[in-house]
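As structure tokens, the structure follows; a few thoughts come after it.
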Amino acid sequence: MFNNKNMLGINGLGRIGKLTLWDQIRSRHFDGFVINLGRDLGTGIDALVQVIETDSTYGSLRRFLYGYSENSFDIKVVDKEAGLLEVDGLPVKFLRTERNPQNINWREHGVRLVVDCTGRYKDPTTPVDDKNGSIRGHLAAGAEKVIISAPIKIADSAAKTPEDSSMLIYGINHLDFDPSRQHILSGTSCTTTGLSHMLKPLLENKETSNILTASMSTVHAATNTQSILDYSPKAGAEDLRKTRSIFNNIILTSTGAAKALEKVLPEIQRVGFMADSVRIPTNTASLIILNLTFHTPLTESGEPRINRSFLNNIYKAAANGSQKGLLIYNEKQNVSADIIGTQAAILLEGHETHTRTGFLNISSEMLEQSGIKDGFDIRMPVTHAKIFGWYDNEYGSYVYSLSKLTIYIDKNM
């Protein structure tokens, strides 16, 4: 039916799946969309129309596309039985029978590129015929490339990432895409996307690339993986906090951002990186608090060269240069609601950048204990920096960046 059109396949219609559809309708890059639900939704096609037309966080699709202007907008039911709609003039076909990727038959619908937004299929080492499904099933079903809207996660810790699989972030390492050998791509996560754009300009600057220690905490909005009310943990569950109500609590938890970061910015491996997450009861917009320690050179007058102004100027240059449109530098006093819908991987709040420089005293005795003889006392200047970055973890940061990556992959397949 769609063989002469450039159709994007989307597997799953959760938060990322629906917002991916919204943003790709906005971009007008694809001629239409084939969305696999794998099941009936609600009472029929009218319920499906309402699901894709409305959103509790971002409002209506019409307002998302056109604001409060008087532009015409319509969702038409073209074929009720076939699940075919026309959304703002673009065909959107819904598939409602198969949940296993290998049975979706993308080839029949002219889909070459699929974005898997289910969150279920993250392991590219899983065989295509696994009874629970595999990300490789999309390729067997006719797709040429598939993008996972989550970091790659391999169940077997001893297994390596297959050569045809890679994690990419637009504006960081998307130019590494090799269509001849890479068929399974990952757009990593919202936090890894924002964090990588905070670190990139520092790693590219000679004086801030010498990072001694690095850690981050993300104060993160709630997601659908959390419980509305308390429930009893499953057998073997180690983190009991994941069973507690997100409505009523601030919840400490882990994040895989540091591990994924090493895949897209390999130079961070020499530093080592600690990361954690603090979940809070808001619907979207999150905050990265980045802590870094640098060996800092001194000016001729003995002042530390790496200071608040120095770091902010690096970010200003990046926001107007290589990361323009992906990193925003801002000196306003923001709150999380101000960030919702902001189209950027990260918004750097320069007003809150802080530094403190001290001196690390290393005696000759300490050097001798490390095997360095005939040493002498060393007084090394060290600067600790705290940098704050906002990101809309649903649409504005993650889906916006994922959509740019999707279009780039499509253009270069």
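The values are calculated or read from the model by the stated rules, or taken from the named source; none is laboratory data. All values reported here derive from a predicted model rather than from experimental measurement. All Cβ positions, even for glycine, are placed from backbone atoms using ideal geometry, and neighbour counts span all protein chains on display.
Taken over segment 51-75, the criterion of being surrounded by 12 or more Cβ atoms within 10 Å (Cβ to Cβ) and within 26 Å of LYS5 (Cα to Cα) is satisfied by VAL51, ILE52, GLU53, LEU61, ARG62, PHE64, LEU65, TYR66, PHE73, ILE75. Restricting attention to segment 67-89, does a residue exist that is in a helix (DSSP H, G or I) and more than 22 Å from GLY256 (Cβ to Cβ)? Looking through segment 67-89, none of the residues is in a helix (DSSP H, G or I) and more than 22 Å from GLY256 (Cβ to Cβ).
Filtered by the rule that a residue be of a type in the set (A, V, I, L, M) and either outside the structural domain of ILE387 (by TED's automatic domain parsing) or in a helix (DSSP H, G or I) (or both), segment 186-212 gives LEU195, MET198, LEU199, LEU202, LEU203. Go through the residues of segment 353-368 one by one and say whether even a single one is at positive phi, at pLDDT below 95 and surrounded by fewer than 18 Cβ atoms within 10 Å (Cβ to Cβ). Looking for residues that are at positive phi, at pLDDT below 95 and surrounded by fewer than 18 Cβ atoms within 10 Å (Cβ to Cβ), one finds none in segment 353-368, hence no. Please tell me if ILE152 is at pLDDT 95 or above, in a loop (DSSP other than H, G, I, E, B), in contact with a strand residue (DSSP E or B) (Cβ under 6 Å, 6 or more places away or on another chain) and not polar (S, T, N, Q). Answer is yes for this residue. Within segment 284-306, the set of residues being modelled with pLDDT of 95 or more, of a type in the set (S, T, N, Q) and surrounded by 16 or more Cβ atoms within 10 Å (Cβ to Cβ) comprises THR284, SER286, THR293.
For segment 117-147, a tally of residues being under 18 Å from the mean Cα position of the chain (by Cα) and either in a loop (DSSP other than H, G, I, E, B) or not β-branched (Val, Ile, Thr) (or both) returns 7.
Of all residue pairs spaced 6 or more apart or on separate chains, those with beta-carbon atoms under 7 Å, a first member in segment 305-320 that is of a type in the set (Val, Ile, Thr) and a second member that is part of a helix (DSSP H, G or I) are ILE314/PRO201; ILE314/LEU202.
Each row is one residue, and each column tells you yes or no for (1) buried (at least 17 other Cβ atoms within 10 Å of the Cβ); (2) at pLDDT below 95; (3) of a type in the set (Ser, Thr, Tyr).
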residue	(1), (2), (3)
ASP178	no, no, no
LEU195	yes, no, no
GLU204	no, no, no
ASN224	no, yes, no
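The condition of being free of Cβ contacts under 8 Å to residues at least 60 places away in the same chain and at positive phi holds for only one of GLY171, GLY272, that being GLY272.
The number of residues in segment 253-289 that are in contact with an Asp or Glu (Cβ under 7 Å, 6 or more places away or on another chain) and among the aliphatic types (A, V, I, L, M) comes to 2. The numbered conditions (1) touching a residue at least 40 places away in the same chain (Cβ under 8 Å); (2) under 30 Å from ILE289 (Cβ atoms); (3) not charged (D, E, K, R) are all true for ILE154 except (1). Please work out if ILE35 is β-branched (Val, Ile, Thr), surrounded by 21 or more Cβ atoms within 10 Å (Cβ to Cβ) and assigned to a strand (DSSP E or B). Yes: the conditions hold for ILE35.
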